[in-house]
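**Q** Mind looking over this structure? Questions follow.
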Amino acid sequence: MEDNKREIIGARSEKQHQFLTNTADVVVFGGAAGSGKSYLGVMDFIPHIKFPTFRGVITRRTTPQLKGSGGILDTALQMYKKVDSKVKWKSQENKFVFSSGAEVYLRHFEYLKDKDNYQGLQANEILVDEAQQYEEEQIVYLMSRLRNPSCPQVKPRIKMTCNPLKSSFLCTWISWYLDEEGYPRKDRDGVVRYFIRKDNTMIWGDTKEELIEKYSTPLFTPTPMSFCFISALITDNPALLEAQPEYLGWLEGLGRVEQARLRWGCWYADEEGSGYWKKEWVDVVEHPPLKVKKKVRSWDVAGTIPSEANPNPDYTCGVLMSKDDYGNYYVEDV
């Protein structure tokens, strides 16, 4: 079994090793395409399958993503049979049962309402593959399933793999780790931070003590959780580059936006034609016009009150514009 483990692990980059050995409560591996994210995620359970009461979960948004050709199930079957020849895949229960008694489940989580399928679940570790496809509320709910007192040897944690996506909630979670253009900062890569959730909002700090001191009350002391973001590129996956060196050429042949995202790991890359308004369409002036022919303030009214079911509704927005004597239009206030 140990020889097979070494064969699976093979030559790993520093970034991949960092992901596999990271012990933060929440770990996000925000790799660009080809960085080995899903493979590493499946591999991450192997050190724990020796414990009979270990319970793990691998989740994707839909069942075809889990069980389709070349999906997580295929990867896991091939890998787990190498380390445990007696492992069994029980299709009716969607789980692997190892010779020790340890279990790893495969479950989809397409809609928030599907959280009912996770009620009662107790897991030491949850892997969310392609986490940028999930809603924030789904991930927060999965965090609440991290408990398994019958297996104290393995600290509960959630690990997420993802590709960069500007519209994903993860882009907000990891913004501290990014530069102004959305590329990962080398000086912050892999740094552990801490967070608490208050009123459905993530509140971040550099230390546990900072958050406890700031948000403690006579009746409540918060329990900060640790968080780490690790970025990786295809060049951090030596196994793929050796087996398929042409894959790098395919990434370099993508369009500007997709290459920024999938080759270089940029989180802010966006299609040029997307959105209704672009800042570069206008000149920025220091002062509004002195002589104005007309001014107008227009409102887009939203009245939904934030709630547990909808913690981030639309806001009312107003725009003040003016027109000068020469027919130029100015956006004076938003």
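The values are calculated or read from the model by the stated rules, or taken from the named source; none is laboratory data. Note that the structure is a prediction, hence the values are computed from the model and not measured. For neighbour counting, all protein chains shown are included, and Cβ atoms are generated from backbone atoms with ideal geometry for every residue, glycine included. Calculation scope for accessible area: heavy atoms of the full protein, side chains included, ligands and nucleic acids excluded. Shrake-Rupley method; radii C 1.70, N 1.55, O 1.52, S 1.80 Å.
**Q** Return the carbon/sulfur percentage of the accessible area of the range 32-110, one whole number, probe 1.4 Å, all protein chains in place.
**A** C and S fraction of accessible area: 48 percent.
**Q** Could you work out the local net charge near Val319, counting Lys and Arg as +1, Asp and Glu as -1, over the other residues with Cβ closer than 13 Å to its Cβ?
**A** Summing Lys/Arg as +1 and Asp/Glu as -1 gives -1.
**Q** Considering only DSSP beta bridges where both residues belong to the chain, give the percentage that are antiparallel (nearest 5).
**A** Taking every DSSP beta bridge within the chain, about 55 percent pair in antiparallel fashion.
**Q** Here is a further query. Go through Lys15/Lys208; Lys90/Lys113; Lys166/Lys186; Lys86/Lys113 and tell me which ones have a Cα-Cα distance over 29 Å in this structure.
**A** Lys86/Lys113
**Q** Note down the net charge around Tyr330, summing +1 for each Lys or Arg and -1 for each Asp or Glu among other residues with Cβ under 15 Å from its Cβ.
**A** Within the 15 Å Cβ shell, the charges total +1.
**Q** Whole-Hz ³J(HN,Hα) for each residue in the range 235-246, computed from phi via Karplus 6.51 cos²θ - 1.76 cosθ + 1.60 with θ = phi - 60°, x for glycine and proline: what do you get?
**A** For the range 235-246, the Karplus curve yields 5, 8, 10, x, 5, 5, 4, 6, 7, 9, x, 6 Hz.
**Q** At a Förster distance of 22 Å, what's the computed FRET efficiency of Ala243 paired with Lys82, Cβ-Cβ distance as r, to 0.05?
**A** Taking R0 as 22 Å, the efficiency between Ala243 and Lys82 is 0.85.
**Q** On to the next question. Report Rg/Rh for the range 236-334, rounded to two decimals, where Rg is the Cα radius of gyration and Rh the Kirkwood radius.
**A** Value, to two decimals: 1.22.
**Q** Which value results when the Cα radius of gyration for the range 173-322 is divided by 2.2 N^0.38 Å? Don't jump to the answer; show the numbers that get you there.
**A** Numbers: Rg = 22.5 Å, N = 150, 2.2 N^0.38 = 14.8 Å.
The reported ratio for this selection is 1.53.
**Q** Please grab the % of Cα pairs in the range 158-223 that end up more than 15 Å from each other. Kindly include the intermediate steps, with their values, before the conclusion.
**A** On the way: 1307 of 2145 pairs.
The answer is 61 percent, as a whole percent.
**Q** Then there is this: Can you list the equivalent-ellipsoid semi-axes of the range 39-181, largest first and in whole Å, using the square root of 5 times each Cα gyration tensor eigenvalue?
**A** The three semi-axes for the range 39-181 are 26, 17, 15 Å.
**Q** I need the Kirkwood Rh of the range 74-145: take the reciprocal of the average 1/r across all distinct C-alpha pairs and report it in angstrom. Walk me through the intermediate numbers first.
**A** Working: mean 1/r = 0.0734 Å⁻¹.
For the range 74-145, inverting the mean 1/r across all distinct Cα pairs yields 13.6 Å.
**Q** Along its three principal axes, how long is the chain when you only count alpha carbons? Whole Å, largest extent first please.
**A** Principal-axis extents of the Cα atoms in the chain, largest first: 82, 58, 38 Å.
**Q** For the chain, what is the calculated [θ] at 222 nm in deg cm²/dmol (nearest 500), taking -39500 (n - 2.57) for each run of four or more DSSP H residues and dividing by its residue count?
**A** -6000 deg cm²/dmol
**Q** Take the alpha carbon gyration tensor of the range 19-86, find the square roots of its eigenvalues, order them as a ≥ b ≥ c, and report rounded if a/c is under 1.5; if not, report prolate when a/b exceeds b/c, else oblate.
**A** Cα axes put the range 19-86 in the oblate bin.
**Q** Could you work out the mean projected area of the convex hull around the alpha carbons of the range 53-115, in square nanometres to one decimal?
**A** Orientation-averaged projected area of the Cα hull: 4.4 nm².
**Q** Taking each pair of different alpha-carbon atoms in the range 1-119 once, compute 1/r for the pair, average those values, and report the inverse of that mean as the Kirkwood hydrodynamic radius in Å to one decimal. List each step's numbers first, then the result.
**A** On the way: mean 1/r = 0.0655 Å⁻¹.
About 15.3 Å for the range 1-119.
**Q** Tell me, what is the per residue accessible area of the range 59-212 in Å², probe radius 1.4 Å?
**A** 48 Å²
**Q** Using alpha carbons only, how many angstrom separate the centre of the range 190-206 from the centre of the range 100-139?
**A** 21 Å
**Q** For a quick check, take a GNM of the chain with Cα springs below 10 Å and name the residue from Val28, Val282, Val104 with the largest mean-square fluctuation.
**A** Highest fluctuation of the listed residues: Val282.
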